[in-house]
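The values are calculated or read from the model by the stated rules, or taken from the named source; none is laboratory data. None of the values given here were measured: they were computed from a predicted structure. Cβ coordinates were reconstructed from backbone atoms using ideal geometry, including for glycine residues, and neighbour counts include every protein chain displayed. In case anyone asks, the SASA skips ligands and DNA or RNA and just uses the protein heavy atoms, side chains included. Shrake-Rupley method; radii C 1.70, N 1.55, O 1.52, S 1.80 Å.
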Amino acid sequence: MKVFLGGARGSFPVSGADQMRYGGGTFSLLVEDREGGQVLIDAGSGARRLKGRLRPGGTAFFTHTHLDHLIGLPMLAKVWPQRLLLPRGGLKEILARVFSPPVWPVKLPAADFPVPVAPVEIGGLRVNWQPVAHPDGCVSYRVDEPATGASVVVATDLEWQMMTPRAQDAFALFARGTDLLVFDSHYRPEEYAAHKGWGHSAWTDAVEAARRTGARKLWLMHHAPGRADAEIDAMGVEAAALFSGAVFATEDAMMETLHE
Ligand SMILES: [Zn+2]
Ligand SMILES: [Zn+2]
């Protein structure tokens, strides 16, 4: 299994001299199996960086439909997915509202929008999901490659401290033993109290979740729009001291090979 991260920023695409390393593109992630089967998860503005790798006619899963997770879709025109999936359904209508004149001048290409039933098998990959706490709803995805035992769990846009102990346990079970946990780390712990209910976690929550799931590696992501590289560097040092596999994700088509 190979995992490619297109964008790690949260909420809005940004740019700036002090944001070059962790990047400004919003979330999009591609998982590939050994034979090249592909699963795209979300299409934030960072999807642009995955275009060269993506093959047309594939499958794209969406965690939810907030703009920062959709805004890269029009850039995928030449590698347009055949199936676009949102577990709770309604995706076609939502996309038609966002990407149609006069908000967006070009209609999106035709595709199928089946309401999926878990697990969904794509090539050698098996995709499952689970609801998490976030305004308007959101799901986390787990992608397994049974042939190699590799797995990745994508847990963007979730507020760990708003999840009940039972929901946290359910998440820990869902993500148990994953090779790579990709987790919402929007806030510093001291910022979180002023943003309770906004739908995001502190990086310390991501570390806690990684420990409870027994994840091997942790990519901290959904960086706050105003966060500068130097600040994320400092957070990264603290995070790595608490969890040896923790890395704040950079935008640079970050790639991880799991169980090759
Ligand atoms: Zn988001
Ligand atoms: Zn969101």
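When the Cα convex hull of segment 27-114 is projected onto planes of every orientation, the mean area is 5.3 nm².
Each of ALA111, GLY149, ALA172 was scored by the projection of its Cα onto the charge dipole of segment 90-183, and the greatest displacement toward the positive side belongs to ALA111; charges sit on the C-beta of Lys, Arg, Asp and Glu.
Where in the chain is the longest stretch that carries no trypsin sites (Lys or Arg not before Pro) classed as loop by DSSP and with at most 12 other Cβ atoms within 10 Å? Please list the in-between numbers first.
Numbers: sites that count: LYS107, LYS196.
Longest site-free region, per DSSP loop and neighbour criteria: 1-106.
Separation of segment 174-225 and segment 55-69, taken as the distance between their Cα centroids, equals 21 angstrom.
Computed over the Cα atoms of segment 167-250, what is the convex hull's projected area averaged over all directions, in nm²?
Numbers: hull surface 21.3 nm².
Here the figure is 5.3 nm², rounded to one decimal.
May I ask for log10 I(q)/I(0) of segment 1-58 at q = 0.19, 0.23, 0.24, 0.30 Å⁻¹, from a Debye sum over the Cα atoms as equal point scatterers with solvent left out? Per q value, in the given order, log10 I(q)/I(0) is -0.64, -0.84, -0.88, -1.17.
Beyond 22 Å, what share of the Cα-Cα pairs of segment 1-156 is found? Please give it as a whole percent. Across segment 1-156, Cα pairs with separations above 22 Å total 38 percent.
Working note: Debye formula, equal point scatterers on the alpha-carbon atoms of the chain, no solvent; log10 I(q)/I(0) at q = 0.08, 0.11, 0.14 Å⁻¹ is -0.27, -0.53, -0.90. Here the simple spin-label model places points 7 Å from the Cα toward Cβ, and for ILE94 and ARG34 these points are separated by 3.5 nm.
Separation of segment 231-255 and segment 135-173, taken as the distance between their Cα centroids, equals 20 angstrom. Compute the Cα gyration tensor for segment 87-179, then decide on rounded, prolate or oblate, letting a ≥ b ≥ c be the square roots of its eigenvalues: rounded whenever a/c is under 1.5, prolate when a/b is larger than b/c in the other cases, and oblate in all that remain. Here segment 87-179 falls in the oblate category. What do you get for GluC sites (Glu not before Pro) in segment 1-99 restricted to DSSP loop and a cutoff of at most 14 other Cβ within 10 Å of the site's Cβ? Loop-located and lightly packed - GLU35. Total lysine pairs in segment 2-254 at Cα distances under 27 Å, for residues eight or more apart or on different chains: 11.
Once you have the Cα-Cα distance between ARG83 and GLN161, take 0.36 nm times their residue separation minus that, and quote the gain in nm to one decimal.
Values: separation 78, 0.36 × 78 = 28.08 nm, distance 3.33 nm.
Length gained, ARG83 through GLN161: 24.7 nm.
Think of each Lys and Arg Cβ as +1 and each Asp and Glu Cβ as -1; about the Cα centre, that makes the dipole of segment 2-254 roughly 680 debye.
Averaging Cα coordinates gives a centre for segment 3-49 and one for segment 102-128; these two points are 18 Å apart.
Under 15 Å from a label point set 7 Å out along the Cα-to-Cβ vector of PHE12, the amide N atoms of segment 59-101 belong to 67-69. Counting protein heavy atoms only, the chain has 56 percent of its accessible area on carbon and sulfur, 1.4 angstrom probe.
Computed with a 1.4 Å probe over protein heavy atoms only, the accessible area of VAL127 comes to about 0 Å². Taking 0.36 nm per residue of separation and subtracting the current Cα-Cα distance, fully stretching the chain between LYS51 and VAL106 would add 17.9 nm.
If the chain between ARG188 and ALA234 were fully stretched, how many nm would it gain, using 0.36 nm times the residue separation less the Cα-Cα distance?
On the way: separation 46, 0.36 × 46 = 16.56 nm, distance 1.09 nm.
My answer for the length gained is 15.5 nm.
With 5 Å bins beginning at zero, the pair-distance distribution over Cα atoms of segment 87-126 amounts to 6, 19, 22, 18, 15, 11, 7, 3, 0 %.
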